[in-house]
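Asks: Before I ask anything, here is the structure I am working with.
Any read-out appearing in this document is the output of simple, stated calculations on the displayed coordinates, not a laboratory observation. A quick note: this is a predicted structure, and the numbers were derived from the prediction, not measured. Cβ: placed from backbone, ideal geometry, glycine included. Neighbour counts: every protein chain shown.
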Amino acid sequence: MGCKVLNGRELATRIKSELKSEVEALKKKGIFPGLAVIIVGNDPASRVYVNSKKKACEEIGIQSFEYALDEDTGEEELIGLINKLNKDDKVNGILVQLPLPKQINEDKVINSIDPKKDVDAFHPVNVGKLMTGNPVFLPCTPAGVMELIKESGIDITGKECVVIGRSNIVGKPMAVLLLSQNGTVTVCHSKTANLEEKIKNADIIVAAVGKPEFIKGNFIKPGAIVIDVGINRLEGKKLVGDVEFETAKEVASAITPVPGGVGPMTIAMLMKNTVKAAVFQKEGI
Ligand code: NDP
């Protein structure tokens, strides 16, 4: 049985080119999508993510506004900037790159973003809408994972889905999206008993643990779909996922690589949300 490698880079390119045409058409109607990206401090990984997001904006024709703030920026100053951007008509989406330095409370910052501009879908209003089945914006990483699962050709209905990780940005919303597509979802975390047994039972595995090559091929049921959200940088600078790719691809029927799997899809979904935000703000939700 061959294993299909789900190419997130290719899929993201396709989605971005569709968005580019959509943005061209919107501009003719007087809608010019804009995204504000705020980065606080000098975290190298955050810098890489912000640059990728700006580059994707350029490719699609979205205007991007970058705010690079010092590591010692205070919470009030950051929230002051967000309040200003909330009122700025040129800005349809506001993205605050996480993590933030210790002196800033992330929850307070996320809560200060106008939910209509919350293209990451982290604001409690958007989280609540997702939970109740009426999402406006889908959270980018889980939405990207759903697109990749669709690419594998599998119908989620009735499938055993195991999500490893329960963070607010990946694991929890991932579980909600799989459930919304009629999967039977188990969410695992660091206190889960018999983790290997749970993974072995899964038709669809989504790994969002943050531990390099934590999930081995022998944990996986033959024929399962494996989506690897993890991004881990090894000492030699090599990037690996949460799944041991070489052993997993021997048993899985489809798998995402790292890099080139979920990462590019996250950015494509952010672009999609920004275009959606621009349309909604112009035409009303
Ligand atoms: P968090 O650190 O917030 O969450 C990790 C989760 O893994 C927690 O729920 C934790 O459990 C669980 N966990 C930790 N150790 C174990 C274990 N031994 N067994 C089972 N579960 C365990 O990370 P994120 O959700 O933010 O990110 C996860 C990974 O995804 C990271 O590598 C991150 O870099 C990557 N990522 C990639 C993105 C992309 O675009 N591709 C976007 C966002 C993240 P507990 O809750 O009990 O502590």
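Asks: Do the sum for the chain: with -39,500 (n - 2.57) for every DSSP H run of n ≥ 4, divided by all residues, what is the mean residue ellipticity at 222 nm, to the nearest 500 deg cm²/dmol?
Replies: -13000 deg cm²/dmol
Asks: If you wrap a convex hull around the alpha carbons of region 70-174, what volume per residue comes out, as a whole number of Å³?
Replies: 128
Asks: Now for a separate question. Most exposed first by the Cβ proxy, i.e. fewest other Cβ within 10 Å, how do Thr157, Thr247 rank?
Replies: Taking fewest neighbouring Cβ atoms as first place, the list is Thr157, Thr247.
Asks: Something else about it: How do Glu147, Glu235 line up, fewest other C-beta atoms within 10 Å first?
Replies: Taking fewest neighbouring Cβ atoms as first place, the list is Glu235, Glu147.
Asks: So what's the projected area for region 30-115, the Cα convex hull averaged over all directions, in nm²?
Replies: Mean projected area for region 30-115: 5.4 nm², to one decimal.
Asks: What's log10 of I(q)/I(0) for the chain at q = 0.07, 0.08, 0.09 Å⁻¹, Debye sum over Cα points only, no solvent?
Replies: -0.26, -0.34, -0.43
Asks: Roughly how far apart, in whole Å, are the Cα centres of region 175-207 and region 242-285?
Replies: Going from one Cα centre to the other spans 19 Å.
Asks: Rank these for me by crowding, Leu11, Leu148, going from fewest to most other beta carbons within 10 Å.
Replies: Ranked by crowding around the Cβ, least crowded first: Leu11, Leu148.
Asks: Rounded to the nearest 10 degrees, what's the angle between the helix 44-60 long axis and the longest principal axis of the chain, both from Cα atoms, 0 to 90?
Replies: That works out to roughly 70 degrees.
Asks: Rounded, prolate or oblate: which fits region 140-263 when a ≥ b ≥ c are the square roots of the eigenvalues of the alpha-carbon gyration tensor, with rounded for a/c under 1.5 and prolate only if a/b beats b/c?
Replies: rounded
Asks: Sticking with this structure for a sec: What is the packing order of peptides 221-227, 182-188, taking the mean over residues of other C-beta atoms within 10 Å and listing the highest first?
Replies: The densest-packed peptide leads the list: 221-227, 182-188.
Asks: Going through the cross-link list Lys117/Lys159; Lys172/Lys200; Lys20/Lys84, which pairs have a Cα-Cα distance over 25 Å in this structure?
Replies: Flagged as over cut-off: Lys117/Lys159; Lys20/Lys84.
Asks: Additional query: Just how large is the dipole of region 14-97 about the Cα centre, in debye to the nearest 20, putting +1 at every Lys and Arg Cβ and -1 at every Asp and Glu Cβ?
Replies: In debye, rounded to 20, region 14-97 gives about 700.
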